[in-house]
Every structure is written in structure tokens, then in C-alpha cells.
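Student: I'd like to ask you about the structure that follows.
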Amino acid sequence: LQAYERRFPTCPLIPMFVASDTVNEYKSEDDSIHVIERRCKLDIDAPRLLKKIAGVDYVYFVQKNSLNRRERTLHIEAYNETFSNRVIINEHCSYTVHPDNEDWTCFEQSASLDIKSFFGFESTVEKIAMKQYTSNIKKGKEIIEYYLKQLEEEGITFVPRWTPPVACKLESSTSHPRRPVSPAINIPDSATKEGLTNKEILNTSSSPSEPTAGTPDDKLDADYIKRYLGDLTPIQESCLIRLRQWLQETHKGKIPKDEHILRFLRARDFNIDKAREILCQSLTWRKQHQVDYILDTWNPPQVLQDYYAGGWHHHDKDGRPLYVLRLGQMDTKGLVRALGEEALLRYVLSINEEGLRRCEENTKVFGRPISSWTCLVDLEGLNMRHLWRPGVKALLRIIEVVEANYPETLGRLLILRAPRVFPVLWTLVSPFIDDNTRKKFLIYAGNDYQGPGGLLDYIDKEIIPDFLGGECMCEVPEGGLVPKSLYRTAEELENEDIKLWTETIYQSASVFKGAPHEVLIQIVDASSVITWDFDVCKGDIVFNIFHSKRAPQPPKKDSLGAHSITSPGGNNVQLIDKVWQLGRDYSMVESPLICKEGESVQGSHVTRWPGFYILQWKFHNMPACATTSLPRVDDVLASLQVSSHKCKVMYYTEVIGSEDFRGSMTSLESSHSGFSQLSAATTSSSQSHSSSMISR
């Protein structure tokens, strides 16, 4: 039993056992019964894709150990906390004394697995679970022997058996129950400034996980709490007071309101150290980027006002402000290309700041504390275009910033009319969303939101938006495709005002007649996936992919001064040496793809060999008509548009490991659909190893 206890809080012999925390503990007065409950963090050896789909990197199990020294038994119960509504895992172990020999220990173990549903990967999860379980059983004896040897090396070869106390001492009848010893929190010594005694100071100290209530002098007004903060236990009230005092003494600048401090405390389960850390980081961030003044000093661009399909719409049944987002009708790619990530982030921040302001107003209107808002997201029209990788990356960055600086502001998220493609988007974004926030998500497919447990449970019938079958006219913009004439280059976006992010996901290039632009990608592992996304901003081009076993010469800028290669419009890099011969020094791995001006191309190529791959954008020469010497009208018009023999592209490339790509629904090979019903025209071009989606 001594050896077994050494497995905690973590065990180096079990790599998947990352950490454990004690959540509950009980000891009887005579010390014969010891029950301890732990929450264990496990890093399951599962494919990365499956972890992405599940939206978690770790899984949590609850383990309860019941030690009975009187009966000389140890019973262990374990069950999964993660995905408990989809998968049910129960495990029972027992250590007992052999009935025929008291020096022998009997070990029994049993387990059950019930998989209800798991995103279509039920058989895979079953195999992984059986593999992990079998591996743990094989190592069980080895681990116990390891710790037994460790005890022997420390000189512990015998542990006396428990014996009942002969008589209880008088003090035991009046003594207080035993409490676990907790380290004091590292909070500045502000208590002494208030004239508290040493005893009172000790009473206000606490551990991060088990804070204790402050002294009676540290109380907030009961009416104030009820009116503006909501129900607080004495422990939570004490945490709020002490964190606020620390901010007043140490933080220079504007001190947030109690409601805002409370959000950070709740986000960290009233762990003062952790709440103080993220709150200070947020206050620094707000000051650096002048977020407090964003509603007064920043006006959203007209493109956002016209094409961002979101806006505030009354309130829900709990009095929370209601924000409506018609994500399925929004051209996320067009907004990123027209505005850049900076403007989108600023707009989302302004929405959150407006949400905080509306919460304060509703608190006054309804006479009770309202600290969060409800978000209604309509996914009607969501398809593979919304999974455009740079757009998803921008979304993930926005989520990261919002999660860090606006914790506990989302009271409820209602996701309506979720299509089949939604699990793909959820797979990408869910790992970046806090667990507490995820619990507030309610997802409805099709018209399920109209039935029991749907919208009417949370929103009054009178304010259900008209596009959801309600009677209330919703003034939220309908979205739609952003005109490509509003798209801007990376250089233009870089000239914006103060940056909240510094990196740019797109690069621009110029393509000339006789001077293509080329990008080198080195592949180490075969079956990796090269993905691309580019827009032809000017002229017509031919897109090629080549492979070479040897590396080309270092990239060099084209020296043709007449072409203005180094102009702000973009760069031009050529990698294929003029002495190289196609078929000898390098080979073409895909058929050429002709792309017209204004087209957006997304695609991928599964590599067959390691080596060097070259993506090439080449000027497209108009072929002569085979049947007549007279030029076609289309050819004449096209030649007029590219009379300068210069083309321009904006591109983004990325290499994905084969383990992340195979079988993934996020593959660009699935990009065959247009932009909902809003697409004017969509054409697709697919080859044996690649797929491209072209939208006009």
C-alpha cells in the first residue's frame, strides 16, 4: 500500500499519466479509514486527428481510493469525466489479504467500456481504449515492484499493521476535526495596514484551491452584492476583496470594477494567484492597445457595417443582452482579404466592449446583476468555403484574445441550423475554447431549435428574429459576398494604424512575361500535403507544381529593371535555373492549371516523394485560334487587360503532415462547394493527387 501511494501525483513509469489533483479526502478519527478522491490528467496515445475532432489534448478520470486498515483492504474505483455523455468507462480494483496466508496480497481488477457515440470513430476509440488498458495491466506489476525496491533502498522493509487505539484521550473529544494543511497565498501584506491582528491575518490566508473566508471586517455590503454581483459565498467575497485591495496598492492606472474582477476570479475557480496573473496581463494589454477607448475613438470601416452579419438584438429571458451572428451568410474570406486581421479583431473587441456596457445597462434596468450576454449563431449556409485556412487561423487568434481578456462574459451560446460541415469547424476551434465556456454551448441541427428545449426556452417569442421563423424584424446585416474590388494587398494592410498583430498570412508577387514567380518547399516525409490558396489580382496566369531531387540555387530577384520587380506591388523570385531541363532535372507532378483574373484558387497536393517542390505562377499567353486567323472577342478583351504583360497574385501556402491530413474532413480535397446560395459561379478542377477550388 505504501508503494502504491507513491504513484501519485504523477508516475514517470506511466508516461500517459500527466498529473493528478486531490479533490476530496476523508480520514476517520482512529485513522482506520482513509478515502481519497483524485482527478487524474491523462495524455492518451491517440492519433492527432482524433484529438482534434474530439477537441481535447488530455482526458480526465476521477479515481477514488478507499483504504480500510482494519479490514486490510484497498478498493479503487475509476471513471471517466471527459466525454462521459458519449463514452462510459468504469474500472474496479481491489487489494486484499489472502485468506490462507496473511503475508500474501490478492489483486483483482475488472473494467467495462460502453461507447454510445464518438463522432463516427466508435471502433477506433474502442481499439485505443483496449490498447491502453492492456498496456497498463502489463505494467502494473512492474510499477509496484519499482516502488517496493525504492522503499527498500530507503531502508523501509516493514510497515507495522494498524492497531485500534486502546483508549481515547480526553483531548480527542474536544479537538477540532483535522484539516489539510494548505500553503499561504502570496498576497502582499495589506492586511496589517488595516489593523488586523496576526490571528486575523492567518484566518484570511488560503490556498489557491481552497480559499477561506475573511474576517467580519472584510465584508461587502449585502445589498451591494445582491444588486450588482450576485450570490457570493464568504470565501468568494473574501477573494474579491483581497484581489481588489492588491490592485489598488500595486496597479498603476485604472482599476476595473468589481464585476470585471469577479469574472477573472470565476474563470479560475477563485484561485487568487491564477486570477491575479491573467487579470494583470489583461490590464496591461488594455492599456497598451487603448481598448478602454475603442468605442469612442474607432469607427468600423463601411465594409464591416455592410457585410459583417452580426448585431445586438434585444435580450434573452434572463435579461442578458442578445447578440445575433449569421455566420453561414458571412463571407469570412472576403472580410479578411478586404480588411485584414487587424480590423476584424478591433471589430470583435468593440463588440465585446459594447457587450460589457449593455450588461451594466441591463443590470440597472432589471435590478439584478447581469454580467454576461447570450450569443445566437445561425449556421444556415455554412460550407467548406468557411473552412478557408487563413480565415480559420484568424478566427482562432480572435478566440484566443477574447478568451484571455473577456472571461466569463458569454452566458450562453445557441448554435442553430448546424449543417454537416459544422463538426469540421468545431474540430478546429474547440481546442481554443475554455472548458467552462464550452459547457455553455447548445447546438441544434436543422429545425430542432423550434421544438421542446429550443429557442423558446431561452428567448421570448416576441423577439425571435424573422429569419428564424419569428415575428420580430432583425436589423442584423444579411452579409453576402464581399466584392473583390475591395480586396487589398498585404502591403496595403501593413500600412494600417497601430497593430494588434504583427504577422501577415499572405504574400504578394508579381508575374511577368518570361519571369514567373516560384516558391520552394522542401519535403522530408513522403505523403505530406502541400496546400495553397491564392487570388489572381491582375492578369491571367498558369499554375504549375514541379518536383526535383536536388535543391535549386538560392532564390534570386529578377534583375529586369523594366519590370519594376521591387515595386510595392510584390516580389518576383525565380528558382528553376535556365539550364535545367524538364524531365531530366525536374519533373511536372500536376497538370497546369490556367487561372483567370479575379479567380480564387484553393487546393492541395499529396506528395509522393521527398525532395524539393516548386510552386510556379507563370504569365499566361493567349493561344491562337486553331480554326480561324481572326482573334476571338474574349482574347482581344483579355489582351487589353494585360497589356503591360504583368500579372499579380496573392498567395498562402502551408505543409501539413500526412498524419494530420489522412482521412481529415478539413482536407482541401473536400472543397467542392461554393459559398452557400450566394455563389455566382463555382468551378472545380481536381487531379489524381491534388484538388483546387476556383470561385469567381
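The values are calculated or read from the model by the stated rules, or taken from the named source; none is laboratory data. For clarity, every value in this text was computed on a predicted model and none was experimentally measured. So basically every Cβ, Gly included, is an ideal-geometry build from the backbone, and we count neighbours across all protein chains shown. To get the accessible areas, we keep the full protein, side chains included, count just its heavy atoms, and leave off ligands, DNA and RNA. Shrake-Rupley method; radii C 1.70, N 1.55, O 1.52, S 1.80 Å.
Student: Which order, highest average first, do 221-230, 98-107 follow once you tally other Cβ atoms within 10 Å for each residue and take the mean per peptide?
Tutor: Averaged packing, sorted descending, gives the order 221-230, 98-107.
Student: Quick one: putting +1 on the C-beta of Lys and Arg, -1 on the C-beta of Asp and Glu, what dipole do you get for region 292-485 around its Cα centre, in Debye to the nearest 20?
Tutor: Here the size comes out at about 640 debye.
Student: Probe radius 1.4 Å, ligands and nucleic acids left out: which of Phe432, Phe8 has the largest accessible area, and how do the rest follow?
Tutor: Largest accessible area first, the residues go Phe432, Phe8.
Student: Take each of the peptides 335-343, 62-70, 19-27, average the number of other beta-carbon atoms within 10 Å over its residues, and list them starting from the highest.
Tutor: Values: 335-343: 22.7, 62-70: 17.1, 19-27: 13.6.
Per-residue mean Cβ counts within 10 Å order the peptides as 335-343, 62-70, 19-27.
Student: A further question on this structure: By how many nm would the segment from Ser66 to Ile278 lengthen if fully extended, with 0.36 nm per residue of separation less the alpha-carbon distance?
Tutor: Values: separation 212, 0.36 × 212 = 76.32 nm, distance 3.74 nm.
Fully extending the segment from Ser66 to Ile278 adds 72.6 nm.
Student: Could you tally the net charge around Ile278, taking each other residue with its Cβ under 14 Å from the Cβ of Ile278, Lys/Arg +1 and Asp/Glu -1?
Tutor: In short, -1.
Student: Putting +1 on Lys and Arg Cβ atoms and -1 on Asp and Glu Cβ atoms, find which of Leu240, Phe264, Gln288 reaches farthest to the positive end of the dipole of region 222-289.
Tutor: In region 222-289, that residue is Gln288.
Student: Excluding residues on the same chain fewer than 8 positions from Lys364, give the aspartates and glutamates whose Cα lies under 18 Å from its Cα.
Tutor: Excluding near neighbours in sequence, the set is Asp221, Asp223, Asp231, Asp258, Glu259, Asp316, Asp318, Glu353, Glu354.
Student: OK, next. For region 5-46 and region 259-300, what is the separation of their Cα centres, given in Å?
Tutor: 35 Å
Student: Right, something else. Of the listed pairs Lys596/Lys648; Lys226/Lys461; Lys41/Lys393; Lys41/Lys439; Lys484/Lys596; Lys317/Lys461, which have alpha-carbon separations greater than 22 Å here? Could the numbers behind the result be given before it?
Tutor: On the way: Lys596/Lys648 11 Å; Lys226/Lys461 29 Å; Lys41/Lys393 28 Å; Lys41/Lys439 19 Å; Lys484/Lys596 14 Å; Lys317/Lys461 10 Å.
Violating the 22 Å Cα-Cα cut-off are Lys226/Lys461; Lys41/Lys393.
Student: May I pose another question? Among 152-162, 302-312, 321-331, how do they line up by average Cβ neighbours within 10 Å per residue, starting with the highest?
Tutor: 321-331, 302-312, 152-162
Student: Can you list the aspartates and glutamates whose alpha carbon is less than 13 Å from that of Lys127, not counting same-chain residues fewer than 8 positions off?
Tutor: Cross-link targets: Asp45, Asp114.
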